[in-house]
Amino acid sequence: MSSQPFIVKPGDNITLSNVEQDCKPERIPDYTGTFQKKGETKKPLKKLNKRLLKLQELLYAESKHALLIILQGMDTCGKDGTIRKVMAGINVQGCEVVNFKVPSSDEIARDFLWRAHKAVPKKGMIGIFNRSHYEDVLVVRVHDLVDESVWKKRYQQINDFEKMLVENGTVVLKFFLHISKDEQKERLESRINDPTKHWKITEADIRERSYWDDYMQAYESVLQKCTTQWAPWYIIPANRKWYRNIVITERIVETLEKLDMNYPKPNSDVSTLYVD
Ligand code: ADP
């Protein structure tokens, strides 16, 4: 198999501070995209969006697979913006976004994968998890919400769960949107300084920032322990929104192309049909 840019391979040792957050090509092995500034990605992104729409139609028509896209990252990393831009132009009927918030009493009373399993896309559909079951080894670990002996077992449980999904026709793509601590500061400040963005910021966002290093450690564990042959993690340089968007769209298109999908054969001989 040829090397794939941004992918985390099983066995890779990840130190996030050494992984590119901007868009310097020399820091990104195996990537042939040479985008240096915003305007350069406009046309290629439009083309990719069109291709994605076609592939989505095929996914729906064939209905053999579902596509599950998982987005994770620190606050302000751009999960919402990614969903808006990457999915621009696809058919909303074939796509569902699910947000994972603090679990409800109903959810907390079940195993941690229950709400994720309930939310996976049907065959033919694209499902996007805005946060996901990975919160149960991230925020839960950073804030000691359950005992270490409990969250430690979850990496393997997640791998087994995702394997089962893949074996049943769901393609799983996982993107970690990698921003720097300085970039987060700028984004939080711009929210504070713009009254139209105040709804997007809470005290909790500022508080969580003080746990940055703990989160990086928790993410490094996730990226190392839960990147698998069947459901790999991709680390996406996300300081530049335009760069993040094209890189993620490329990965989605590339993945759907590999499914080698075909339109289903009609039930009857269409050439004999006529319309009055
Ligand atoms: P977002 O930041 O994704 O835009 P919110 O501001 O509503 O959305 O944040 C959702 C919050 O829910 C996050 O702080 C996240 O860590 C928290 N959360 C998600 N899943 C869990 C979980 N399993 N246990 C505890 N907290 C969780």
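Would you mind pulling out the separation of the Cα centroids of region 78-113 and region 160-198, in Å?
If we compute the Cα centre of each part, the gap is 11 Å.
Just check region 140-276 against the gyration tensor rule for me: Cα atoms, a ≥ b ≥ c as the square roots of the eigenvalues, rounded for a/c under 1.5, and otherwise prolate or oblate depending on whether a/b exceeds b/c.
Oblate, since a/c reaches 1.5 and b/c is not below a/b.
Restricting the calculation to Cα positions, tell me the Rg (one decimal) and the Dmax (whole number) of region 64-149 in Å.
Looking at region 64-149, its Cα Rg and Dmax stand at 14.2, 45 Å.
Could you report the accessible area of Leu48 in Å², rounded to 10, computed with a 1.4 Å probe on the protein chains as they sit in the structure?
30
If the cut-off is a Cα-Cα distance under 18 Å, which aspartates and glutamates reach Lys47, setting aside same-chain residues fewer than 8 apart in sequence?
Partners found: Glu57, Glu250, Glu254, Glu257.
If you rank Thr202, Thr249, Thr255 by how much accessible surface each has, with a 1.4 Å probe, what is the order from largest down?
Output order, biggest surface exposure first: Thr202, Thr255, Thr249.
What are the ³J(HN,Hα) couplings of region 270-276, residue after residue, when phi is run through the Karplus curve with 6.51, -1.76, 1.60 and θ = phi - 60°? Round to Hz, x for glycine and proline.
4, 5, 8, 7, 9, 10, 4
Grab the Cα-Cα distance for Asn99 and Lys54, subtract it from 0.36 nm times how many residues apart they are, and report the gain in nm with one decimal.
This chain segment gains 13.6 nm when fully extended.
Counting only DSSP beta bridges with both residues in the chain, what percent are antiparallel, rounded to the nearest 5?
In the chain, DSSP labels about 5 percent of beta bridges as antiparallel.
At a Förster distance of 25 Å, what's the computed FRET efficiency of Gln224 paired with Asp160, Cβ-Cβ distance as r, to 0.05?
The value I calculate is 0.90.
If each DSSP helix of 4+ residues adds -39,500 (n - 2.57) and the sum is divided by the residues in the chain, what number results at 222 nm, nearest 500 deg cm²/dmol?
-13000 deg cm²/dmol
Just flag the trypsin sites (Lys or Arg not before Pro) in region 1-53 sitting in loop per DSSP whose Cβ has no more than 14 other Cβ atoms within 10 Å.
Those satisfying the criteria are Lys37.
Output the pairs from Lys79/Lys258; Lys79/Lys225; Lys163/Lys265; Lys79/Lys200 with a Cα-Cα distance over 20 Å in this structure; if there are none, say none.
Lys79/Lys258; Lys79/Lys225; Lys163/Lys265
Under a 5 Å amide H to amide H cut-off, with H placed in plane at 1.01 Å, what residues pair with Val171 once short-range neighbours are removed?
Ala66, Leu67, Leu68
Return the equivalent ellipsoid semi-axes of region 1-84 as a descending list in whole Å, where each equals the square root of 5 times an eigenvalue of the C-alpha gyration tensor.
Each semi-axis is √(5λ); the values are 26, 19, 16 Å.
If you average 1/r across every pair of different Cα atoms in the chain and take the reciprocal, what Kirkwood value do you get, in Å?
After inverting the mean inverse Cα-Cα distance, the result is 20.0 Å.
The values are calculated or read from the model by the stated rules, or taken from the named source; none is laboratory data. Values in this document were obtained by computation on a predicted structure and should not be read as measured data. Virtual Cβ from ideal backbone geometry, glycine too; neighbours counted across all protein chains shown. Heavy atoms of the whole protein, side chains included, go into the accessibility calculation; ligands, DNA and RNA do not. Shrake-Rupley method; radii C 1.70, N 1.55, O 1.52, S 1.80 Å.
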